[in-house]
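Take a look at the structure set out below.
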Amino acid sequence: MWTAISFKSFGGGQAVQLLAYNALVDSRRWLTPESWSETYGLVQIVPGINFVALALITGLRLCGWAGAASSVAGLVGPSFLITVAMTAAYSQIAGIRLVQAGLRGMVTAAAAMSIISAWRLFSPAFRASASDGGLIAGATVAITLGSSALVVLANVPILALVLVAGSLMAGLLWAKRSLGRPRA
Amino acid sequence: MIEPLPYFLIALKASLFSTGALGNLPSLRQDLVTRHWATDQQFASSIAIGQLAPGPTGLWVVALGYLTAGFIGAVLMTLAVVLPPVLVIPLGHLHSRIRHAVLVQGFIRGLTIGIAGAVPAVVVFRVLAAYGYSRPSFLLLAASLGLLTTGRVPPVGVLTLGAVAGIVLFRT
């Protein structure tokens, strides 16, 4: 099943998500909609590619380690081979001016997609912060814009940046929740 | 000359501390470009190929690995993005217990917005900047954003339109 998804999902993440839901929940009934959303929430917090984690955990739950390994191989394998083939083909024609012009256009479109993806990461985080009050919501905007500025203007190491952003938010949220409300 | 082990560790670090398809890009770019193991041009090409290829967008690093270090590079990059998700297994057991812990929630939220801020900034102001800025490229960026926000054109359609527009606008 993951192999079929890997072949069909031209255009990336959203296509994979849709196809995976259709296959796992609608047509094969291997997962209920509730366990899908719980699993999907879990894979969002795992580092690396979310869909690899999703294939791994559903494969593991359904048929053990063999299921996990074959799900991941099925998802990554075909995509890996096609990407290598496309990159090799691109290397052959990279010198052609029209190819470079087309590629530049595609990179510009991909940059727009990266803005949309970042918005999709930001907006649920902001909504959660907004329910914690104005200060936390403001901090969320400040940390996001601060990261953009620090990485572009000061070339701050990313690892340090995300660790500081994480700790800052953890500290603020903890302070807000434990100090903001008098204990009963 | 690229050394395989540091190359792999750089990729693993980038993937371990990030989320989302291009989340590992800022860290990879910082480490690989300063070592002269990759160029912004190679990053640009990899992002485009990765978006066009089927499968999770996160596999764009396969193209980056291939362009910078050949087939071995592609394999190392793939391992680096496939291994961290294995953490889903221990996290799955912990998740129900720690999901509501305020420090965990806060840390994940902070990390997520840090990545959300860094990724588009690096793509627009570093990778795209490698081509130089011009009015047509801003217009194309704005038009692609507009099309994507309507949600009526699938990503692969926007990429194709981008390619056609690129050929028209940037061929000289």
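The values are calculated or read from the model by the stated rules, or taken from the named source; none is laboratory data. Quick caveat, the model's predicted, so the values are computed rather than measured. All Cβ positions, glycine included, derive from the backbone under ideal geometry; neighbour counts span all protein chains shown.
From the list A:Val99, A:Val162, which residue is out of contact with any Pro (no Cβ under 7 Å at 6 or more places or on another chain) and surrounded by fewer than 21 Cβ atoms within 10 Å (Cβ to Cβ)? Break it down into steps so the answer makes sense when it comes.
On the way: A:Val162 fails: surrounded by fewer than 21 Cβ atoms within 10 Å (Cβ to Cβ).
Every option except A:Val99 fails the conditions.
Quick check, is A:Ala94 small (Gly, Ala, Ser) and within 24 Å of the chain's Cα centre (by Cα)?
Answer is no for this residue.
Condition check ((1) hydrophobic (A, V, I, L, M, F, W, C); (2) in a helix (DSSP H, G or I)) across all residues:
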{"position": "A:Ala110", "(1), (2)": "yes, yes"}
{"position": "A:Ser129", "(1), (2)": "no, yes"}
{"position": "A:Gly138", "(1), (2)": "no, yes"}
{"position": "A:Asn155", "(1), (2)": "no, no"}
{"position": "A:Leu161", "(1), (2)": "yes, yes"}
{"position": "A:Val164", "(1), (2)": "yes, yes"}
{"position": "A:Trp174", "(1), (2)": "yes, yes"}
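On inspection, B:Leu128 passes the criterion of being part of a helix (DSSP H, G or I), facing another protein chain (nearest Cβ under 7 Å) and over 22 Å from A:Met169 (Cα atoms). Of all the residues in segment B:131-160, those that are more than 23 Å from B:Leu28 (Cα to Cα) and at the interface with chain A (Cβ under 7 Å from one of its Cβ atoms) number 11. Being crowded, with 16+ Cβ neighbours inside 10 Å and either among the polar types (S, T, N, Q) or at the interface with chain B (Cβ under 8 Å from one of its Cβ atoms) (or both) is the filter here; which residues of segment A:137-149 pass it? Within segment A:137-149, A:Thr140, A:Ile143, A:Thr144, A:Gly146, A:Ser147, A:Ser148 meet the criteria. Cβ-Cβ distances below 9 Å connect the following pairs, each with a first residue in segment A:42-53 that is on the phi > 0 side of the Ramachandran plot and buried (at least 24 other Cβ atoms within 10 Å of the Cβ), a second residue that is at pLDDT below 80 and part of a strand (DSSP E or B), and a separation of six or more residues or different chains: A:Gly48/B:Thr19.
The sole residue among B:Ala121, B:Ala80 that is under 30 Å from A:Ala139 (Cα atoms) and small (Gly, Ala, Ser) is B:Ala121. Per the conditions (1) under 28 Å from A:Gly41 (Cβ atoms); (2) in a helix (DSSP H, G or I), the sole criterion not satisfied by B:Val164 is (1).
Could you pull out the residue among B:Ser15, B:Ser45 that is under 13 Å from the mean Cα position of the chain (by Cα) and over 22 Å from A:Ala109 (Cβ atoms)?
Values: B:Ser45 fails: over 22 Å from A:Ala109 (Cβ atoms).
Result: B:Ser15 is the single residue among B:Ser15, B:Ser45 that is under 13 Å from the mean Cα position of the chain (by Cα) and over 22 Å from A:Ala109 (Cβ atoms).
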